[in-house]
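Report on one structure; see the data block that follows.
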Amino acid sequence: MITLDNRLAAAAELCRSGKIAADVGCDHAQLACRLAMDKSALVIASDVRDGPLEAARRTVSECGVTNVRIVKSDGLAEIDFADDVIICGLGGELIAQIISSCRFLSTDTRFILQPMTRAEFLRRWLYNNGFELLEERIAYDGERGYTVMLAAYTGVSREIDGLFSLTGKITDCNFLRKIAEKLSKNADGMEKSHSSAEHAKVLREMSRKILDRASNFELS
């Protein structure tokens, strides 16, 4: 029996039933096997490294699933098609790079993304390159929260403002406050080092807006 951590469980919940899924950077393939057992018609579990692929094969064998295909692939290079593309545990810039090489993109393709860093960069890249966010969830591991995004391709390129790049569609008040706190601390550092008083002012204003957003969600 495979039990996923909260981060991967949130990603699994955003995948559709009866579809072909690609778990890019599959590690031990626990997510892939859980999807194969519960939701997906076929799961392509890929990684660029031999070690994780061997671990993935062991997990597939132990679970006895027959609808997981193990593929060695640098990102999506060796994947010809998937309805749902899952990329978890990588930096936002690398996730954007992987998506940019997708050869089977359509308006029905869904991307389930869990950036470990640079979530704001990924949001901006998605909208600049014709995607939109349908949903964002926060998954907690102890005190640490992770954002899990569901994105779709629209073909319409748009700019987003700084507030949306930082918060996207997050409605979790505690997580929003953490973002605001981080901005405030960055502003403190700038002011102490006298590096950029003007930028510090911008960060403080953004922090205030995010706190207001959190309060509004609490009241709604």
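Here are the numbers for the structure shown:
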read-out	value
Matching label, Rg/Rh (Cα atoms, Kirkwood Rh) computed from the structure shown, candidates (1) 1.00; (2) 0.95; (3) 1.02	(3)
Cα gyration tensor shape for the range 1-101, rounded if a/c is under 1.5, else prolate or oblate	rounded
Residue (of S193, A21, G168) at the positive-pole extreme of the chain, dipole from beta-carbon charges	S193
Karplus-derived HN-Hα couplings along the range 29-35 (A = 6.51, B = -1.76, C = 1.60, θ = phi - 60°), whole Hz, x at Gly and Pro	6, 5, 4, 4, 5, 4, 5
Debye, to nearest 20: dipole size of the chain, +1 on Lys, Arg Cβ, -1 on Asp, Glu Cβ	260
Among beta bridges that DSSP assigns inside the chain, antiparallel share in %, nearest 5	40
Loop trypsin sites (Lys or Arg not before Pro), the range 67-123, which have at most 15 other Cβ atoms in a 10 Å radius of their Cβ (DSSP)	R103
3J(HN,Hα) from dihedral phi, the range 205-220, Karplus parametrisation 6.51/-1.76/1.60, rounded to Hz, x for glycine, proline	5, 5, 4, 4, 5, 5, 5, 4, 4, 4, 4, 5, 5, 5, 7, 7
Inter-probe distance in nm under a simple model that places probes 7 Å from Cα toward Cβ, at M1 and A41	3.0
Magnitude of the charge dipole, the range 20-75, Cβ model with Lys/Arg +1 and Asp/Glu -1, debye to 20	140
222 nm mean residue ellipticity, helices alone, for the chain (DSSP H n ≥ 4; -39,500 (n - 2.57); rounded to 500)	-14500 deg cm²/dmol
Distance (nanometres) between label positions extended 7 Å along Cα→Cβ at E132 and S106	2.0
Net charge of Cβ neighbours under 12 Å - reference D50; Lys, Arg +1; Asp, Glu -1	+1
Karplus-derived HN-Hα couplings along the range 19-27 (A = 6.51, B = -1.76, C = 1.60, θ = phi - 60°), whole Hz, x at Gly and Pro	10, 8, 10, 10, 9, 8, x, 6, 6
Rounded Å value of the spacing that divides the Cα centres of the range 62-89 and the range 1-35	10
Label point 7 Å beyond Cα of M116 along Cβ direction - residues of the range 142-180 with amide nitrogen under 18 Å	142-149
Size of charge dipole - the range 141-220 - debye, nearest 20, with Cβ of Lys, Arg +1 and Asp, Glu -1, no other charges	40
Positive-end residue, the chain charge dipole about Cα centroid, Cβ charges, pick of V48, S207, I87	S207
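Values in this text are rule-based calculations from the coordinates and carry no lab data. Small disclaimer: the values here were computed from a predicted structure and weren't measured. Methodologically, a virtual Cβ is constructed for each residue, glycine included, from the backbone with ideal geometry; neighbour enumeration extends over all protein chains shown.
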